[in-house]
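A quick write-up on the structure given underneath.
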């Protein structure tokens, strides 16, 4: 077929040469080369922060590169690229957050702004639109109906509609960012079928995923990024999960710091979780948490980590299982958790942890109303004392309690979120991705704070995607996968590689 | 959309039931005269509500509609009192009043990204003042009531057979707007703008144009209603229509168009308008004090919105449970496959120490 001829043509579908990008300061991408052929399934892998998203953003025109060349189907793309320009060229992105219009049918979404009209009239020919849409659906062998309303579809079906939308706009490069993170295994299998279909039609698929088995099964080639640089391009025959992980973590393997000794605490049990389950989020979670222990929880985004700690703190309900706290049965609930000496530092600290338009004093006071009350009213003096205490404890800058929290740097905002718990009599602290988006100095200070707390007998549950962080500061690590504990690292040596392998489902002693 | 259809059926059933109860309690309710008056009142509110529905579909709100009615009525009496221009010429001109207000609202909403509520509330204040300033005054500078005598103008308050002209216009406008919404690209774009503006822009829709369009149309509808109201009353005052926002919002909300945007249609609004007019008429027919009307309307809004929230959670709960069951069965199959895999590849590495 002509597609075959196209796939063999010497002109690459996408060619990036020596791409450089920095937002302000550090280089996010440096001298990155990347190329894709027609009809190729190409995986882009790398740890968090390796520069995958930035590269995608540059290709799709969401952001502009600082320097470097970019060619699409042999035609150069200028530095001033845009989302619209990318669409016109035929670059389509399937976003994790789907961009379909709710309340509309599949056909309406597929033909949005390009609805077929009655000949010579400005009116939409609904019959024709539905039959054209159904034709497209059938051509790819999907089991959708053109008249189905988006809201009634599953996430996988919606993703299918997104892909069809891209095909309908004559895209020749389809980019998928973690397409399977919200899919069940059957749904993923369907998606892989679709991707192979796209390949047969000569469409290039650029695929970003953390899940090694997918990369292994699907890709024609894999490009590995590390710290903003291209480290390797693997051909089909060279693709092995262990090799990819080694390349992703790279030099860190030689680094002595990356091997950590896990040491299970022998102090008394503070929290005991038995068979905790929540429909569709996590199931059968069992673990014990000891006094003064930092328990790391690893796993991929979407593995149920955040959902688990939210349920423990009592924000979301659970369906079954039991929790024992300090040897007594415990029913999670936010107010009770605070009274019982729990602290919780959420993942989205801007959204859930701070109030930007309120001063440091107010932010710290709000969770400690019980401490600063005097005859039923808030005591300004006590509130201020408390804020000063937190500032001193965590070295918050500027040390002025009247500063609005919204005006502080990311690291100092995070300190406020931590600080408002630390000044309490804390027994158990839950932290979810505590160091995302803060600089190295602030990170270090945060780690020291956690270590000090643990020494003082506070138990810490640390949820993190940052592997060096997880392996370095945890005493013990639980790895979650698809809502279950798949692996516990409780004694002996552990490396980032071990955790990443477990998260990806590659278990020592298991298959492959 | 079966959920919306079911809701609509419930509303129509309720409409008929209330009608039946009213005609049983007071036989004069079923008289042709009363029914036509009821429809005439419903139509005056309904014309404005049609424009308002489009604004709500874009997830906006238009608080200026009442004041547009006032200003339009004042523009008309100025033409009548101070110019020899015949009604068939100045009426189309005065309809532009609402369009201009919509243009103003749209400009501040799209260009400066100001909240719709604030912009249109400000317009409402400005227009209410303008209505007083341009009102026809007597020699002492007091606002004087103008009695409309122009026969062409008054004919707008008249009937064709037993049916009021305003009712005919309302029905035609409802048909045209519904057709526009569902069968033109511009109509589809309005839904997309309200449902997911980011996705709409990604799909190449000019969402600003949709927003300008709906506010101008909303203003136009309010101006059109002003002509009918003043012709029917045979006079016009500068506080005309102020406060009618309440009835309009109630009609649209009862009709099932939510404030969240992206959903809704004109048929819902038509039914909502009839429902509201029926309640108001019923209060009069049962000899209850008309002062009860606003209380009843306020109460109905709360009840309807409560029902919608409950109904939505109920429908979503059903969908979620069935999706979870699907997921469970899929996951079980995968687990079996994985186990088989593990058995097959038994020569893997040993446990790490």
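Working from Cα pairs under 8 Å separated by at least six residues, relative contact order for chain B is 30 percent. A crude spin-label estimate for the pair residue A:378 and residue A:286, with each label 7 Å from Cα along the Cβ direction, gives 4.6 nm. Stretched out straight at 0.36 nm per residue, the stretch from residue B:16 to residue B:315 would grow longer than its current Cα-Cα span by 105.1 nm. Under the criterion of Cα pairs below 8 Å and six or more residues apart, the relative contact order for segment A:132-212 equals 31 percent. On the beta carbon distance between residue B:122 and residue B:206, with R0 = 25 Å, the FRET formula returns roughly 0.50. Rg/Rh for segment A:133-214 (Cα atoms only, Rh after Kirkwood) is 0.94.
In this simple spin-label approximation, residue A:395 and residue A:69 carry label points 7 Å from Cα along the Cα→Cβ vector, and these lie 4.8 nm apart.
The calculated FRET efficiency for the pair residue B:246 and residue A:152, based on their C-beta separation and a Förster distance of 35 Å, comes to about 0.50. Fraction of C-alpha pairs exceeding 20 angstrom in segment B:186-332: 65 percent, rounded to a whole number. Mean partner shielding of peptide A:114-126, defined as the number of other chain Cβ atoms within 10 Å of each residue Cβ, is 3.
Across segment B:242-285, counting alpha-carbon atoms alone, Rg and Dmax equal 11.1, 38 Å. The Rg/Rh ratio of the protein assembly as shown, with Rg taken over Cα atoms and Rh as the Kirkwood radius over Cα pairs, comes to 1.03. Taking 7 Å steps out from each Cα toward its Cβ at residue B:113 and residue A:456 produces label points 4.2 nm apart. Peptide B:257-265 is shielded by partner chain Cβ atoms: per residue, an average of 1 of them sit within 10 Å of its Cβ. Overall form of segment A:203-243: rounded. Here a/c, set by the Cα gyration tensor axes a ≥ b ≥ c, is under 1.5.
Averaged over the residues of A:186-194, the number of partner chain Cβ atoms lying within 10 Å of the residue Cβ comes to 2. For segment A:167-220, the spread of Cα coordinates along the three principal axes comes to 28, 20, 17 Å, biggest extent given first. Of the peptides A:132-138, B:290-296, the ranking by mean beta-carbon count within 10 Å, highest at the top, reads A:132-138, B:290-296. Rg over Rh for chain A works out to 1.01, using Cα positions for both radii and the Kirkwood form for Rh. Rounded, prolate or oblate: which one fits segment B:130-250, using the alpha carbon gyration tensor with axes a ≥ b ≥ c (rounded when a/c is under 1.5, else prolate when a/b beats b/c, else oblate)? It comes out oblate by the Cα gyration axes.
Only DSSP H runs of four or more residues enter the estimate; each adds -39500 (n - 2.57), and after division by the residues of chain A the mean residue ellipticity at 222 nm equals -10000 deg cm²/dmol. Ellipticity at 222 nm from helices only: DSSP H runs of n ≥ 4 in chain B, each -39500 (n - 2.57), divided by the residue count, give -25500 deg cm²/dmol.
Does segment A:76-168 come out rounded, prolate or oblate, given a ≥ b ≥ c as the square roots of the eigenvalues of its C-alpha gyration tensor, rounded meaning a/c under 1.5 and, failing that, prolate meaning a/b above b/c? Oblate is the answer for segment A:76-168, as a/c is 1.5 or above yet b/c matches or exceeds a/b.
Here the protein assembly as shown carries DSSP beta bridges of which approximately 60% are antiparallel, counting only pairs with both residues inside. The residue B:302 and residue A:316 beta-carbon pair, evaluated with R₀ = 35 Å, returns a calculated FRET efficiency of approximately 0.75.
For chain A, averaging the sequence separation of C-alpha pairs within contact (under 8 Å, six or more residues apart) and dividing by the residue count gives a relative contact order of 15 percent. Here the alpha carbons of segment B:2-291 define both size measures, Rg and Dmax, at 19.4, 62 Å.
No value in this document is a laboratory result; all are computed from the given coordinates. The structure presented is a predicted model; accordingly, all values stated were derived computationally and were not measured. Note that we place each Cβ from the backbone using ideal geometry, even for glycine, and neighbour counts take in every protein chain shown.
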